[in-house]
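Below: one structure, written as structure tokens.
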Amino acid sequence: MKTALITGATDGVGRVVAKRLAADGWRVLAHGRSDERGQSLAKETGATFLKADLASLAEVRRLAEAVKQETGALQLLINNAGIGSVGDKPGRRESADGHELRFAVNYLAGFLLTHLLLPLLKAGAPARIVNVSSAGQQAIDFDDVMLTQGYSGVRAYCQSKLAQILFTVDLGEELKGSGITANCLHPSTYMDTTMVRQSGNRPISSVETGADAIMQLAVSPRVDGKSGLYFNVLNESRANAQAYDAKARARLRRLSRELVRL
Ligand SMILES: NC(=O)c1ccc[n+]([C@@H]2O[C@H](COP(=O)([O-])OP(=O)(O)OC[C@H]3O[C@@H](n4cnc5c(N)ncnc54)[C@H](OP(=O)(O)O)[C@@H]3O)[C@@H](O)[C@H]2O)c1
């Protein structure tokens, strides 16, 4: 039986993807923060619920350990958990480690989790990594990555989403020949989810559309062998220019390794 880990599986599009994978016969490790939503998903689908607050790098490490207790091999990792531009409290906030919160939860947590789980993905190869990013992207200002000046929730969100894309392009190169592919995507625009409702935007697409796009990268033979790419919903697309700037990627990689102490 193939095993998948999906983060942010307790709500929104992640929950739909977790249900679809379970219905397709996958063993699903479903990560989230809310006990109530996690337990109800586990009951509904047979998924194993793994709880962790990704706003703490120690919890990310604990999550990776919990995954290792559950399985020796992974065929799929979907880094989907995220906070939107508004979240449950407006304004600049920091993670338990003192990093700007959206950078920490939306990007850095997935960066660390992926590295910690690479041995399991190698053991499960052929395996896929899917990073759920967004069309909302803003170039990272390396002089102020933690956004201490000119903060806005939209900027924080868009910077964190582009960081995921830079990371995916890197993974595509680093994992060549390993049997693991990595791609990222904008799942759909303003799906009807908690983060969109919190932002005050009117939902204009369904979680099913976003789930279709994530499932394509997760399981479709159409993307067999493709790696390091950005998809706009179902189609391969170009991300913000910074994603293709090797110096920017090297800088982000160095910084991220330092911040997560890899
Ligand atoms: N909605 C859209 O239109 C849209 C557009 C482009 C990209 N995206 C991306 O799609 C992904 C899913 O978004 P969504 O709209 O489905 O969001 P959502 O309904 O708000 O769900 C977010 C998920 O992330 C989890 N999460 C949030 N903060 C967390 C933390 N600190 N630690 C652990 N888990 C945390 C939540 O867990 P709990 O519920 O258990 O707290 C939940 O499962 C995100 O990466 C988002 O950026 C969404």
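The values are calculated or read from the model by the stated rules, or taken from the named source; none is laboratory data. These numbers come from a predicted model, not from an experiment. In this analysis, Cβ positions are derived from the backbone assuming ideal geometry, glycine residues included, and neighbour counts consider all displayed protein chains. Ligands, DNA and RNA are stripped out before the accessible areas are found, and what is left, the full protein with its side chains, is counted by its heavy atoms. Shrake-Rupley method; radii C 1.70, N 1.55, O 1.52, S 1.80 Å.
In the stretch 181-215, which residue that is more than 30 Å from LEU121 (Cα to Cα) and of a type in the set (D, E, K, R) is surrounded by the most Cβ atoms within 10 Å (Cβ to Cβ)?
ASP192
Does the stretch 105-122 include one or more residues that are farther than 28 Å from SER188 by Cα, open to solvent by 30 Å² or more (accessible area, probe 1.4 Å) and touching a Gly at 6+ places or on another chain (Cβ under 8 Å)?
Yes, the stretch 105-122 has at least one match.
With respect to the numbered conditions (1) within 11 Å of the ligand (Cβ to nearest atom); (2) in contact with a Ser or Thr (Cβ under 9 Å, 6 or more places away or on another chain); (3) in contact (Cβ under 8 Å) with a residue 60 or more places away in the chain; (4) in a helix (DSSP H, G or I), which one is the sole condition not fulfilled by VAL17?
(2)
Kindly evaluate LEU29 against the criterion of being assigned to a strand (DSSP E or B), of a type in the set (A, V, I, L, M), at negative phi and in contact with an Asp or Glu (Cβ under 7 Å, 6 or more places away or on another chain).
Yes, satisfied.
Which members of the stretch 164-191 meet the condition of being near the ligand (Cβ under 8 Å from one of its atoms), without any contact (Cβ under 8 Å) to a residue 60 or more places away in the chain and over 15 Å from the mean Cα position of the chain (by Cα)?
If the condition is that a residue be near the ligand (Cβ under 8 Å from one of its atoms), without any contact (Cβ under 8 Å) to a residue 60 or more places away in the chain and over 15 Å from the mean Cα position of the chain (by Cα), then THR189, TYR190 are the ones that fit.
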